[in-house]
Amino acid sequence: MKRSSQILIILCLILLLAPTSSTAQRKQKILIDTIDNALDVSYYLNNLHGFLPIISPITEPAVGYGAAVAGLFFISKKTDGKEFTMPDVVGAAGGITSNKTWFAGAGYAGFWKGDRIRYRGAFGYGDIKLKYYGTGNGYLDKHPAKFNLNSYFLLQQAIFRIGKSRFMLGGKYQLMKTAAVFFEESDIPWVDPVDLELVNSGVGLIAEYENFNNIFSPSKGLRFNLTYDQFLKILGSDKDFGKFTFFLHYYQPIIKNAWTAGFRIESQLATGNSPFYMMPFVYLRGVPAMRYQGEFTALVETEQEVTFTRRWSIVGFGGYGKAYESLEKMDENSSPWNAGAGFRYLIARLFGLKMGLDIARGPEQWAVYVVIGTAWIK
């Protein structure tokens, strides 16, 4: 669920309900590119306005397959008409999955002062059914405990560009009121009883560098992010704890317009006495969320994309991760991996945006993912 606010920004690209022609522009088909007469939503994106209903699949293996329904309203900006300017987006969304997980919320994504300020705000509620595998290779690894997580959340975030550079600094505030209920056992010895009902209130510091050639589906460039979140009793939290998060995503063309290599490095470190459901976990396609948790996690992944027509390309990917129970017990760890393949279609040529489908295999299971933009969106 942590990607919901980012995905909200680009869900507008699923436009199956849009009309196929415009009365005002009789010669311009809204969903057809005049260059090659292929399906394309560039024209529609370049004339965003008003309200748009959308439907998006949910494919996270930890909660099962499902669907999300959203309504988005675009706040257009004055431009010179020479290039696309990302509009601010206000939206509300809700979804449900096959294991009866459901959520509802609303958000606002703002790109202000010529993209010198990026704002994100969201609030909502989730009733999420998951499995807890613990942080080691013990009993829970083979016999996970099923639990229900009921959570209200609020997010306020803003990052600011440093001059005209690619560097950005900012911060965020998070508030969550969460209750966890285990289905099979009333007393779970691996979980601090305090964690079963908590208010988590904290602030975060964000440092980022990004020089992608495309914010939707990059094929060249680097994005580096370092974030520290600290939850504090003085802000109303029931616990003092924190988390360092680092990621680096790098794309390099090997053969221009034919082969692009992507590389991903990510790591998380928990500080203090984190609730069990907020401990770091390895996130790879084909590996369910929270399956491999620990005080410290790290992973590497590569994605190779080969383009064989103007619109179509295929991807292959693979990765490897580590989840360490604690920094004092680095020898006690689990090592998930993933491998898979998929395809991409250039759905908006003017903006270089692609969408597609991935099939991934992890240590225990197969999974299918619908991808809009990049699979590594954050």
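ILE75 meets the conditions (1) modelled with pLDDT of 95 or more; (2) of a type in the set (A, V, I, L, M); (3) under 29 Å from ILE215 (Cβ atoms) in every case but one. The failed one is (1). Can you tell me which residue is surrounded by the fewest Cβ atoms within 10 Å (Cβ to Cβ) among those in segment 164-189 that are small (Gly, Ala, Ser) and within 17 Å of ILE206 (Cβ to Cβ)? So, considering only residues that are small (Gly, Ala, Ser) and within 17 Å of ILE206 (Cβ to Cβ), the one surrounded by the fewest Cβ atoms within 10 Å (Cβ to Cβ) is SER165.
Among the residues of segment 212-253, those that are over 19 Å from the mean Cα position of the chain (by Cα) and polar (S, T, N, Q) comprise ASN213, GLN230, SER237, GLN252.
Scanning segment 317-339 for residues that are within 26 Å of ASN273 (Cβ to Cβ), of a type in the set (A, V, I, L, M) and modelled with pLDDT of 95 or more yields one hit, ALA323.
Matching residues to (1) touching a Ser or Thr at 6+ places or on another chain (Cβ under 9 Å); (2) surrounded by fewer than 17 Cβ atoms within 10 Å (Cβ to Cβ); (3) over 19 Å from SER217 (Cα atoms); (4) without any contact (Cβ under 8 Å) to a residue 60 or more places away in the chain:
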{"site": "GLY342", "(1), (2), (3), (4)": "no, no, no, yes"}
{"site": "PHE351", "(1), (2), (3), (4)": "yes, no, no, no"}
{"site": "ALA367", "(1), (2), (3), (4)": "yes, no, yes, no"}
{"site": "VAL370", "(1), (2), (3), (4)": "yes, yes, no, no"}
{"site": "THR374", "(1), (2), (3), (4)": "yes, no, no, no"}
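Where strands (runs of 3 or more DSSP E) fall wholly inside segment 95-167, no range has 3 or more residues that are farther than 22 Å from GLU295 by Cβ, in contact with an Asp or Glu (Cβ under 6 Å, 6 or more places away or on another chain) and modelled with pLDDT under 95.
MET355 falls short on exactly one of the conditions (1) in a strand (DSSP E or B); (2) out of contact with any Asp or Glu (no Cβ under 7 Å at 6 or more places or on another chain); (3) at pLDDT 95 or above, and that condition is (3). Could we say that TRP312 is more than 18 Å from the chain's Cα centre (by Cα), modelled with pLDDT of 95 or more and surrounded by fewer than 16 Cβ atoms within 10 Å (Cβ to Cβ) here? Against the criterion (more than 18 Å from the chain's Cα centre (by Cα), modelled with pLDDT of 95 or more and surrounded by fewer than 16 Cβ atoms within 10 Å (Cβ to Cβ)), TRP312 qualifies.
Among the residues of segment 81-94, those that are at pLDDT below 90 and more than 21 Å from ILE206 (Cβ to Cβ) comprise GLY81, LYS82, GLU83, PHE84, THR85, PRO87. For segment 363-373, the condition of being among the hydrophobic types (A, V, I, L, M, F, W, C) and within 22 Å of GLU210 (Cβ to Cβ) holds for at least one residue. For segment 184-191, the count of residues that are of a type in the set (Phe, Trp, Tyr) and either without any contact (Cβ under 8 Å) to a residue 40 or more places away in the chain or closer than 27 Å to LEU226 by Cα (or both) is zero. When the residues of segment 168-204 are filtered to those that are part of a strand (DSSP E or B) and β-branched (Val, Ile, Thr), the one that is farthest from ASP115 (Cα to Cα) is VAL181. Within segment 50-68, residues that are part of a loop (DSSP other than H, G, I, E, B) reach partners that are among the hydroxyl-bearing types (Ser, Thr, Tyr) and surrounded by fewer than 14 Cβ atoms within 10 Å (Cβ to Cβ) with beta carbons closer than 7 Å, at six or more positions or on different chains, in the pairs GLY64/SER98; TYR65/SER98.
Which residues, counting only those in segment 179-197, are over 18 Å from LYS100 (Cα atoms) and either in contact with a helix residue (DSSP H, G or I) (Cβ under 9 Å, 6 or more places away or on another chain) or modelled with pLDDT of 95 or more (or both)?
ASP187, ILE188, TRP190, VAL191, ASP192, ASP195, GLU197
The numbered conditions (1) outside any helix (DSSP H, G or I); (2) under 21 Å from PRO218 (Cα atoms) are all true for GLU328 except (2).
Being part of a strand (DSSP E or B) and either surrounded by 12 or more Cβ atoms within 10 Å (Cβ to Cβ) or modelled with pLDDT of 90 or more (or both) is a description that does not apply to LEU11. So which residues in segment 301-326 are under 20 Å from PHE247 (Cβ atoms) and of a type in the set (A, V, I, L, M, F, W, C), if there are any at all? Across segment 301-326, the qualifying residues are VAL315, PHE317, ALA323.
The values are calculated or read from the model by the stated rules, or taken from the named source; none is laboratory data. Fair warning: this is a prediction, and the values are worked out from it, not measured in the lab. Because the Cβ atoms are built from the backbone with ideal geometry, glycine has one as well, and the counts that use them run over all protein chains shown.
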